[in-house]
Amino acid sequence: MDIIMIGIDHENASIQEREAFAFTKAQAGRALQMWAREESYCGVLLLSTCNRTELWVSADSAREDPFLQLCRAKGLDPGEYEHLLARRCGDEAVMHLLQLICGLKSRIYGEDQILSQIRDALELSRAHGCNDIVIEKLFQTAISAGKRVRTQVKLQNADPSAARSALVLLKQQLGGLRDVPCLIIGNGQMGKMTANLLTEAGAKVTMTLRKKLHVQEPRDSIIPEGCRMIDYDDRVREAERYRAVISATLSPHFTVSKEQLRGKRFQNSIWIDMAVPRDIEPAVGEIPGIQLYDMDQLGDSHIEERTEQSLREAMEILEEYQQDLERWFAFRKHINTVKEISGMAGEDACKRMEKPLHQAERQGAFETDLCESIETAVEKSVEKMLFGLRDTLPPHQWQSCLDALKRSAQRDTLKTGKGR
């Protein structure tokens, strides 16, 4: 298979090391634009989450090691991070992706956000013209597999989302959340999800909102129902009021630093940083009265309830999709033959239409336009039939079947009886 994945993830890298490779959406877009201009690969997809950064490329022969490209995009020395690198190709990369999209490789086992994160990464690749047919087929198949596993298999008994894990942690540390004042910094998808869960648990939730959104009254789509709103700039001034502070933004800079909290007093306050790169300066955890948790620690607090039966069921489904992709990739080496055969069929069809076309011309029809339309239609029809061979014949019969069809297409079936 002409697919390569290189990356760094929570299994072999700390959160500090993963931060170095984290991309915001804007940064990922600029990197994709650069790779598209350089035409180093046929297709490129960049996946950057709290747990991992992975660069996926399709290429018959890569002009440059994808890891070097990734380091160059982040301004990093490859030698410092080579030992952390995970590199997968072909079948191994495919199965990794299929397991990943189901949450089987997440720090929080079975978490369900990775499916939407991979879908968003594919959309970004498309937006920058980096999605060739290989990237499309691979990731569309993976998305279908992920949806099916989540529909048919119960991978865990506990809710798998990071927001749920934060909720469990807060309940454990605070002994309950009824009327507990909580501050959420950031009103993106993760922030809203956490706010809704805390509100449902009875907490008194406050969310930050930047001034640029204050043009009109806050809408439900910005601040979840039941939450209080404060300006983002007031987050530090009000920090002492809250027993729990959760930061979940896409900012490349700290939302709270130790220096900003100087002189403030806290008592049994739980702070959770749900971002990579981290939102809260790690030194904040040194302040008396604050217990600070990052995404790695949040994952560790989640109780994994894996069962062999559910994992076996998931793997059976994934193996079906892997076999489908194996057949698809294996058939790709026959594409030129398929194109050649379909071209012959289109030429033959046009030759057969010469007499009818002359008649149509005398009647005022447009021969050239009509001929091109017929040729294109025939080519598409034949291609559809020939590509169907990969689903109806075992792989060892493909070549002999295509050879036979090619010989048949080369025969002159008109009344002259002459070969081509």
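The values are calculated or read from the model by the stated rules, or taken from the named source; none is laboratory data. This one's a predicted model, so the numbers in the text were calculated from it and none came from an experiment. Cβ: placed from backbone, ideal geometry, glycine included. Neighbour counts: every protein chain shown.
So, Leu138, is that one assigned to a helix (DSSP H, G or I) and modelled with pLDDT of 90 or more or not?
In short, yes.
Just checking, which of Ser257, Ser247, Ser269 is among the hydroxyl-bearing types (Ser, Thr, Tyr), without any contact (Cβ under 8 Å) to a residue 60 or more places away in the chain, at negative phi and buried (at least 16 other Cβ atoms within 10 Å of the Cβ)?
Only one candidate qualifies: Ser269.
Among the residues of region 227-274, how many are of a type in the set (A, V, I, L, M) and closer than 16 Å to Met190 by Cβ?
Total satisfying the criteria: 7.
How many residues does region 173-189 hold that are outside any loop (DSSP other than H, G, I, E, B) and in contact with a strand residue (DSSP E or B) (Cβ under 9 Å, 6 or more places away or on another chain)?
7
Take region 221-247 and flag every residue that is modelled with pLDDT of 90 or more and assigned to a loop (DSSP other than H, G, I, E, B).
Cys227, Arg235, Val236, Arg237, Glu238, Tyr242, Arg243
Within region 161-187, take every residue that is within 20 Å of Arg235 (Cα to Cα) and β-branched (Val, Ile, Thr) and give me the one that is surrounded by the fewest Cβ atoms within 10 Å (Cβ to Cβ).
Val180
Go through the residues of region 64-83 one by one and say whether even a single one is outside any helix (DSSP H, G or I), over 18 Å from the mean Cα position of the chain (by Cα) and within 27 Å of Trp328 (Cα to Cα).
Checked region 64-83: at least one residue is outside any helix (DSSP H, G or I), over 18 Å from the mean Cα position of the chain (by Cα) and within 27 Å of Trp328 (Cα to Cα).
List every residue pair whose Cβ atoms lie under 6 Å apart, where the two residues are 6 or more positions apart in sequence or sit on different chains, the first residue falls within region 316-337 and is within 12 Å of Asp2 (Cβ to Cβ), and the second residue, located anywhere, is surrounded by fewer than 18 Cβ atoms within 10 Å (Cβ to Cβ) and at pLDDT below 90.
Ala330/Pro395
Can you find, within region 208-220, the residue that is modelled with the lowest pLDDT among those that are within 30 Å of the chain's Cα centre (by Cα) and part of a loop (DSSP other than H, G, I, E, B)?
Asp220
Among residues belonging to region 268-301 that are of a type outside the set (D, E, K, R) and within 24 Å of the chain's Cα centre (by Cα), point out the one that is modelled with the lowest pLDDT.
Gly299
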